[in-house]
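Values quoted throughout were computed directly from the atomic coordinates according to the rules given, and no laboratory measurement underlies them. The model shown is predicted, which means the values in this text are computed figures rather than measured ones. A quick note on method: Cβ atoms are made from the backbone with ideal geometry, for glycine too, and the neighbour counts reach across all protein chains shown.
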Amino acid sequence: MLDFSFQNPTRIHFGEGQIAAISQEIPLDARVLLVYGGGSIKSNGVYQQVVSALNKHTWFEFSGIEPNPSYDTLMKAQKIIKAHSIDYILAVGGGSVVDGAKFIAAATLFDGNDPWNILAKQQTITQALPIGAVLTLPATGSESNGNSVVTRDGNKLPFSSPLVRPLFAVLDPKVTLSLSDRQIGNGVVDAFVHTIEQYLTYSVNGKVQDRFSEGLLQTLIEEGPKALEPATKENLEVRANIMWSATMALNGLIGAGVPQDWSTHMIGHELTGAFGIDHARTLSIVLPAVMKVCRDKKREKLLQYASRVWQLTEGDDDTRIDQAILLTEQFFTKMQVPTRLSDVDLGIKDIDLLIKRLEEHGMTALGEHGDITLDKSREILIQAL
Ligand code: NZQ
Ligand code: ZN
């Protein structure tokens, strides 16, 4: 196992009715900015619950954070923050809103010239406003990690800091009942790929991390499709298991002490930046191709994945690896997400732009070995056609 330091201070309030807990979590003298997205929280009752919980607080609101939050939208929050001396951000929504809140919190107290450099030049932030989160879409793990992804002019860039990790997060599976099938499928697949990117590398004998990851993958494979089937889609236990899996998949625990491979995400970000494809749908297209192109380097872990996650015991090594990749694709199809570039009307002509963007963003040595060069990324994209 590799050496690591691990701390995850986000306090989780899990279960029905837990939105009320925010009244205790946010100091009464705080000046709160409630930030949210396009309004789903107004039609599913979440907004009302939050407003009730904040009835003793001084609060203001900022809405309109879009999926794949845009820099320009997020910067508009600064005017309200200054005008009302805001000192606490409450994010209510999916990963985009939570990520957006993180950038807003960092930009407010940024001591450099231009907050864009937090993303473009990876300038370190030294302070940020405190953040709390009410999660409405289980997918990204953003509610208890320090990551954020922001888009400007087709450039989708991440930044990361422990200073923007939410102090608390409310996870009420009931609020996920209003999600569309598309968002459920996206969320389950995103959490699945987060787990894979911290698992499917090479073995360092991290038994706890491996078995934890395998448990998350199996849970998502078992429960994910149930959230789309009419007979089980309203089942709150299904929703609870998906929600907790998604949080655990990217809260730092399973990735501590093991190698990681974020190539699927980095290539996927370019697909979203250039063509506006939903985040998870880029991952379901890229991951099977990464598995195929990198099968030799990932061989040992692919075999472990085949046997422990998919219980494949028949046939020789290569047959079991082929089968595991096929079953992964079939799982994605069950979750109603695409697995090929052609499924989203992209083709060979679009690959040059993606490679150019990867180069511009410094994504030239991806993967757990840093050996996914631009040529390898091209090979992966061709494999995904
Ligand atoms: O904007 P509203 O009206 O809230 O609607 C949203 C949005 O249209 C809707 N929605 C959310 N909760 C709902 C709901 N609709 C009905 N009922 C509910 N309970 O769903 C739509 C998509 O929301 P979004 O927040 O964009 O989805 P998701 O949570 O998948 O977040 C995706 C973003 O997170 C980034 C992605 O790149 C993307 O920008 N990621 C963040 C990560 C992190 N912070 O660690 C890691 C991920 O790999 C990912 O990159
Ligand atoms: Zn993701």
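General remarks:
- Remark: ILE380, ILE26 ranked as ILE26, ILE380, counting other beta-carbon atoms within 10 Å and listing the fewest first.
- Available extension along the chain between LEU228 and THR364 is 45.2 nm, counting 0.36 nm per residue and deducting the alpha carbon span.
- Phi to ³J(HN,Hα) by Karplus 6.51 cos²θ - 1.76 cosθ + 1.60 over region 249-258, Hz, x for Gly, Pro: 5, 9, 10, x, 5, 6, x, 6, x, 10
- Between GLU329 and VAL204, the contour length at 0.36 nm per residue exceeds the alpha carbon distance by 42.3 nm.
- Simple spin-label estimate for LYS356 and ILE382 in nanometres, 7 Å along Cα-Cβ: 2.0
- Per-residue Cβ neighbour rank within 10 angstrom, fewest leading, THR136, THR333, THR201: THR333, THR201, THR136
- Nearest-ten-degree value, helix 263-275 long axis tilted from longest Cα axis of the chain: 60
- Nearest 10 degrees, 0 to 90: helix 317-334 Cα axis against the chain principal axis: 40
- Site pair LEU167 and ASP3 shows an inter-label distance of 3.3 nm when each label is modelled 7 Å from Cα along Cα→Cβ.
- Dipole magnitude of region 11-174, debye to nearest 20 (Cβ charges: Lys/Arg +1, Asp/Glu -1, about Cα centre): 80
- Each of GLY206, GLN123, ILE196 was scored by the projection of its Cα onto the charge dipole of the chain, and the greatest displacement toward the positive side belongs to GLN123; charges sit on the C-beta of Lys, Arg, Asp and Glu.
- Cβ-based charge dipole, the chain, positive-most Cα from ILE19, SER263, VAL150: ILE19
- Amide H contacts of ALA91 (H built 1.01 Å from N, in plane; Pro and chain starts excluded): VAL35, GLY132, ALA133, VAL134 sit under 5 Å, all sequence-distant by 5 or more or on other chains.
- For region 31-87 and region 285-299, distance of Cα centres in Å: 41
- Helix-only [θ]222 nm of the chain, DSSP H runs n ≥ 4, -39500 (n - 2.57) each, per residue, nearest 500: -13500 deg cm²/dmol
- The chain: antiparallel DSSP beta bridges as a percent of all, rounded to 5: 25
- About its Cα centre, region 252-340 has a charge dipole of approximately 140 debye under the convention of +1 per Lys or Arg Cβ and -1 per Asp or Glu Cβ, with nothing else charged.
- Exceeding the 27 Å Cα-Cα cut-off - candidates LYS79/LYS156; LYS207/LYS334; LYS56/LYS82; LYS226/LYS298; LYS82/LYS174; LYS42/LYS79: LYS207/LYS334; LYS226/LYS298; LYS82/LYS174
- Each of MET1, MET363 was scored by other Cβ atoms within 10 Å of its Cβ. Arranged with the fewest first, they read MET1, MET363.
- J(HN,Hα) series, region 175-191, from Karplus relation 6.51 cos²θ - 1.76 cosθ + 1.60, nearest Hz, glycine and proline x: 6, 7, 5, 8, 5, 6, 4, 4, 6, 5, x, 4, x, 5, 5, 4, 4
- Hz values of 3J(HN,Hα) by residue in region 119-131 - Karplus curve (6.51, -1.76, 1.60), Gly and Pro given as x: 9, 5, 10, 6, 5, 6, 8, 10, 7, 7, 5, x, 10
- ILE81 sits among other residues whose Cβ lies under 15 Å from its own Cβ, and their net charge, with Lys and Arg +1 and Asp and Glu -1, is +3.
- Separation in nanometres of the label points that stand 7 Å from Cα toward Cβ, at GLN122 and ARG182: 3.4
- Computed about the Cα centre, the dipole magnitude for the chain is approximately 700 debye when only Lys and Arg (+1) and Asp and Glu (-1) carry charge, each at its Cβ.
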